[in-house]
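Participant: Take this structure first; my questions come after.
Quick note: the coordinates plus some simple rules give every number you see, no bench work behind them. Remember, predicted model here, so these are calculated numbers, not experimental data. Positions of Cβ are backbone-derived with ideal geometry, glycine not excepted, and every protein chain shown enters the neighbour counts.
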Amino acid sequence: MKKILSRSVHKVTEQNDHCTPEAFVSIVPPMFMVFFFCAFLVGPLYAKPLQIDVHAKSAIMMNLDTGAILFEKNANSAAFPASITKIATALYVLEVMHADLAKIVTVSAESIKMKPPKKNGSSVPAYWLDIDGTRMGLVKGEEISIESLLHGLMLVSGNDAANVLAEAMSGSVPAFVNDLNQYLLSIGCRDTHFSNPHGLHHSEHKTTAYDMCLIARKAMGSPKFREIVSKLNYLKPATNKNSEEHLRQFNHLLRPGRFFYSNAIGIKTGYTSLAQNTLVAAAEHEGRILVAVLLGCEKRDDRYEDAKSLFEMAFAEQKIHRTFFSGNEIYSRSIEGAANTLQALLTHELAIDYYPAEEPENIKAQICWKISQRSIQKGAVVGEMRLIDAKGNTIQSQPLVAKEEVKSTFMYMLKDRWDRFFH
């Protein structure tokens, strides 16, 4: 599919060499001679979010690379995350603490302590384990590597592995959780507060689908994290307390069976009776990686069905090619001391390719002049035209070259020679 956006719906700003953001000013036609800045109107572009019903109470899907949101449902509503909390724990261990994966740590009694029966509220530490919660099977005094703990954390959702990692990284589980919360705030998670590193229920342990998507996007940027969460099995080496053991992936999108999805590349499931079924999933198709978060699914199967439906609808979209500037227009600028006006052309069309659900919003065009002298040869690069998204990011650019030679006036040539003589 191809679209050409007409000249009447562009907004262009012109800037000097430093190209810092400037306010848009007077409305002028594209051939108007300018000295500093000019602009003409642009029509905002709007993405077309995917239209689909999901079972999850809150959900979101985002492009891993661009951050574009393709789908959302109550994405900023507070919810209990359950074991997808462990994504944040693994992210912090790998990317912030830069843990030595070969390091051997010793399991303490405190890190695997169980909650007494009928005391699942705030009367005991939030990180103590539930008797019926998922565990890796660690025991007091066991000596085990960080790498094995990370696999036990992400493949079999070991709550005990989460506590042991937290204690190894920060000295105590509460200290780790405090550090983790500060880190999550720094990456933009404004509505997340975790009370433990594993996700067992606590009244104050909450997040949102949007925040979890930010966490997952950050985590999937780690090669080691991505490697771990894509594995079907991991052979845990024997320790001083346990024999070697095969750890098996819990995520049914990766495992052969009813919910297997060939494009899936991770990442984590979760469940508690109050959080219900949760899932953060990632899938890749033709180089495009999407991350989906599903919270509050009543049935276990619902989260997998929702994820597959979202991915399949997104991957079925056809890419659109939109041309903003064809390359045959002239952009003029006067230069002090030049005998003629600089006229510049784009070397190629300025265009973007995008999927309908990811169409960038409120694109603006910006000219950044890069002129260092009054005399300019024909074909010399004199600047660039940029397409800027709503966040100020450059999403595409093309060089501007001089259409013809620009010469200095006789008086400025004399002045230049005079200046060079004395300096």
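Participant: Where in the stretch 198-277 are there GluC sites (Glu not before Pro) that are in a DSSP coil and have at most 12 other Cβ atoms within 10 angstrom of their Cβ? Before the final figure, lay out each step's value.
Facilitator: Numbers: sites: Glu204, Glu227, Glu244, Glu245; in loops: Glu204, Glu244.
Hits after loop and neighbour filter: Glu204, Glu244.
Participant: In nm, give the distance between the simple-model label positions of Asn240 and Ser172, each being 7 Å from the Cα along the Cα-to-Cβ direction.
Facilitator: Taking the simple label geometry, Asn240 and Ser172 are separated by 2.5 nm.
Participant: Considering every Cα-Cα pair within the stretch 194-276, what fraction, in whole percent, is farther apart than 20 Å? Write down the numbers at each step before the final one.
Facilitator: Numbers: 1735 of 3403 pairs.
Within the stretch 194-276, distances greater than 20 Å cover 51 percent of Cα pairs.
Participant: Rounded to two decimal places and with Rh computed the Kirkwood way over Cα pairs, what is Rg over Rh for the stretch 71-164? Before the final figure, lay out the partial values.
Facilitator: On the way: Rg = 14.8 Å, Rh = 14.6 Å.
Result: Rg/Rh = 1.02.
Participant: Further question: Any chance you could list the semi-axes, whole Å, largest first, of the equivalent ellipsoid that the Cα gyration tensor gives for the stretch 146-231, using √(5λ)? Don't skip to the end; give the middle numbers.
Facilitator: Details: eigenvalues 74, 59, 29 Å².
Semi-axis lengths for the stretch 146-231 are 19, 17, 12 Å.
Participant: A follow-up question, please. Just want the ordering: Met61, Met114, Met313, from fewest to most Cβ atoms lying within 10 Å of their own Cβ. Show your work: numbers first, answer last.
Facilitator: On the way: Met61 31, Met114 13, Met313 16.
Ranking Met61, Met114, Met313 by Cβ neighbours within 10 Å, fewest first, gives Met114, Met313, Met61.
Participant: Two-decimal Rg/Rh of the stretch 249-365 from alpha-carbon positions, Kirkwood Rh?
Facilitator: Details: Rg = 23.6 Å, Rh = 18.1 Å.
Result: Rg/Rh = 1.31.
Participant: Arranged by the count of other C-beta atoms within 10 angstrom, fewest first, what order do Leu153, Leu342 take?
Facilitator: Numbers: Leu153 28, Leu342 24.
With the fewest neighbours first, Leu153, Leu342 line up as Leu342, Leu153.
Participant: Determine, from the Cβ-Cβ distance of Lys403 and Lys48 and an R0 of 41 Å, the FRET efficiency 1/(1 + (r/R0)^6), rounded to the nearest 0.05. Walk me through the numbers before you get to the answer.
Facilitator: Numbers: r = 38 Å, r/R0 = 0.94.
The value I calculate is 0.60.
Participant: Using a Cα-Cα cut-off of under 20 Å, which aspartates and glutamates could be cross-linked to Lys103, ignoring same-chain neighbours fewer than 8 residues away?
Facilitator: Result set, ordered by chain and number: Glu95, Glu142, Glu143, Glu147, Asp160, Glu167, Glu227, Glu244, Glu245.
Participant: For a Förster distance of 45 Å, can you work out the FRET efficiency between the beta-carbons of Lys140 and Asp191, rounded to the nearest 0.05?
Facilitator: Values: r = 37 Å, r/R0 = 0.82.
In this case the efficiency is close to 0.75.
Participant: Expressed as a whole number of Å, what is the distance separating the alpha-carbon centroids of the stretch 67-95 and the stretch 174-245?
Facilitator: About 9 Å separates the Cα centre of the stretch 174-245 from the one of the stretch 67-95.
Participant: So if R0 is 51 Å, what FRET efficiency would Val124 and Ala316 give, r being the distance between their Cβ atoms, rounded to the nearest 0.05? Walk me through the numbers before you get to the answer.
Facilitator: Working: r = 49 Å, r/R0 = 0.96.
With a Förster radius of 51 Å, E is 0.55.
Participant: For the stretch 77-254, what's the radius of gyration and Dmax over Cα atoms, in angstrom?
Facilitator: In order Rg, Dmax, the Cα atoms of the stretch 77-254 give 15.1, 45 Å.
Participant: Given points 7 Å out from each Cα along the Cα-Cβ axis, report the Lys299 to Thr341 separation in nanometres with one decimal.
Facilitator: 6.9 nm
Participant: Just list whichever of Lys115/Lys218; Lys73/Lys308; Lys206/Lys299 have alpha carbons separated by over 25 Å in the model shown.
Facilitator: Lys115/Lys218
Participant: Sticking with this one: How would you rank Thr207, Thr239, Thr66, going from fewest to most other Cβ atoms within 10 Å of each one's own Cβ?
Facilitator: Thr66, Thr239, Thr207
Participant: If one puts a single equal scatterer on every Cα of the stretch 271-311 and applies the Debye formula without solvent, what log₁₀ I(q)/I(0) results at q = 0.28 Å⁻¹?
Facilitator: Log10 I(q)/I(0), no solvent term: -0.89.
Participant: Work out how much length Lys378 to Leu274 would gain on full extension: take 0.36 nm times their residue separation and subtract the Cα-Cα distance, in nm to one decimal.
Facilitator: Details: separation 104, 0.36 × 104 = 37.44 nm, distance 6.99 nm.
Result: 30.4 nm gained on full extension.
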